[in-house]
Amino acid sequence: MIFPPKIMIALTRKILKEQVLLMKLLVIKIETSHEVEDALTIYAQDNLNALGTEARKRSDFEQAGWLHDSTVVEMDDIKDLPKDMQFMAYFDEEADKDALVKKFNDKLQELKGYGLNIGDGKISTSYIADQDWNTAWQKYYHVIDFSRHLAIVPEWEDYKPAFKDQQLIKLDPGLAFGTGNHKTTQLAMMGLERAMIKPMSVVDVGTGSGILAIAASKLGATDVMATDISDESMTAAKQNFALNDLNNIRVQKTSLLANVDGKFDIIVANILAEILLDLIPQMDAHLNQGGQIIFSGIDYLQLPKIKKALDDNNLKIDLTMRQERWIGLSITRKDQ
């Protein structure tokens, strides 16, 4: 088999009269640390509208070489890697290169201010020809046997669960952010499994690829709303919902919960803390009596800000989950 370093490529194509137009892509390459991988990925996707991102860690390749199995490590894949991680973000060739470099520099300094290791922080740029990124995905992305109840399965994989009632989340992960690999996504899914004790209504805020909305539906949600501000995410989510033959998920393009009608039993959001702070004041109007909120995407250094905002909005934390630097929360109203 080919060892899959953690990678996320979500590149779109311009299609004219059913012909794919080959184009160049601007690549922003950063020599950095694995501690900021998730933060850079979400920032590139949600704030800078990157066409895709890729993270390649030297340790992934080195550890693969220690395995006594059929794993193949291509040394050409490792010779140019920094000592920790190489992060790459892909943009249309017409994007403003200098402006993007400045924005990434500013973001790295912000993350450094939170106490995160940003490594060398060296940024370089180049242009490459577009290629068949969907095929590239098949090399690096495989089944994630997440839990007793859920497994995340790329559409090209033939996976047979050990338990017949394990639900399979089928994904075309090359379409948008959200593959199940990220610790933040897995913390959110853990929260969903714990909360879904009976059929409930769910809203997935910032749905990305739609993975959490699909998980909610597979776990038995009666009605699911998926929101996102990105056109690419809306397209990707709809295609992944169709891939799973789901008809109980509605989509709405909007910022967080703005202009969303109705209330829900569960609100789930896997978004960076800075954006969660904007979401918190919106939640009371959209949460049913006795409802729960599930947050993920929070670096532990940002947790005090989230706690204060929740307290100011009559909300309390019932459960805290942590994996490395990342925090997931289960939240309810104080008066419940």
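The values are calculated or read from the model by the stated rules, or taken from the named source; none is laboratory data. Bear in mind that the values here come from a model prediction, so they are computed numbers and not experimental data. No Cβ is skipped: glycine too gets one built from the backbone with ideal geometry, and neighbour counts run over all protein chains shown. To get the accessible areas, we keep the full protein, side chains included, count just its heavy atoms, and leave off ligands, DNA and RNA. Shrake-Rupley method; radii C 1.70, N 1.55, O 1.52, S 1.80 Å.
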Notebook entry, point to check: Between Arg194 and Asp284, what is the FRET efficiency for a Förster distance of 22 Å, r being their Cβ-Cβ separation, to the nearest 0.05?
Noted result: 0.50
Notebook entry, point to check: Rounded if a/c is under 1.5, else prolate if a/b beats b/c, else oblate: with a ≥ b ≥ c from the C-alpha gyration tensor eigenvalues square-rooted, which is the stretch 217-316?
Noted result: prolate
Next item on the list: Could you state the accessible area per residue of the stretch 210-256 in Å², with a 1.4 Å probe and every protein chain left in place?
Entry: 40 Å²
Margin query: Using each residue's phi in the stretch 216-224, evaluate 6.51 cos²θ - 1.76 cosθ + 1.60 at θ = phi - 60° and report the 3J(HN,Hα) Karplus result to the nearest Hz, with x for Gly and Pro.
Written below: 4, 5, 5, 7, x, 4, 7, 8, 10
Notebook entry, point to check: Given the pairs Lys24/Lys103; Lys29/Lys122; Lys198/Lys218; Lys164/Lys218; Lys238/Lys263; Lys218/Lys238, which span a C-alpha to C-alpha distance of over 19 angstrom in this model?
Noted result: Lys24/Lys103; Lys238/Lys263
Next item on the list: Leaving ligands, DNA and RNA out of it, report the carbon-plus-sulfur percent of the accessible area of the stretch 171-333 at a 1.4 Å probe.
Entry: 48 percent
Checklist line | Residue-span extension gain [Asn259 to Asn47] - 0.36 nm each, minus C-alpha spacing | finding: 74.3 nm
Item checked: In Hz, Karplus ³J(HN,Hα) per residue of the stretch 97-104 (6.51, -1.76, 1.60; θ = phi - 60°; x = Gly, Pro) -> 4, 5, 5, 5, 4, 5, 5, 5
Notebook entry, point to check: Among Lys253/Lys305; Lys307/Lys334; Lys102/Lys307; Lys102/Lys305; Lys57/Lys97, which pairs are too far apart, with a Cα-Cα distance over 20 Å?
Noted result: Lys253/Lys305; Lys102/Lys307; Lys102/Lys305; Lys57/Lys97
Checklist line | Estimated vicinal HN-Hα couplings, Hz - the stretch 49-54 in sequence order (Karplus 6.51, -1.76, 1.60; Gly, Pro = x) | finding: 6, 4, 6, x, 9, 8
Checklist line | Farthest toward positive dipole pole in the stretch 171-333 [+1 Lys/Arg, -1 Asp/Glu at C-beta], among Thr320, Ala215, Ala258 | finding: Thr320
Next item on the list: Count charges around His286 for me, please; just the other residues with Cβ under 11 Å from its Cβ, Lys/Arg as +1, Asp/Glu as -1.
Entry: -2
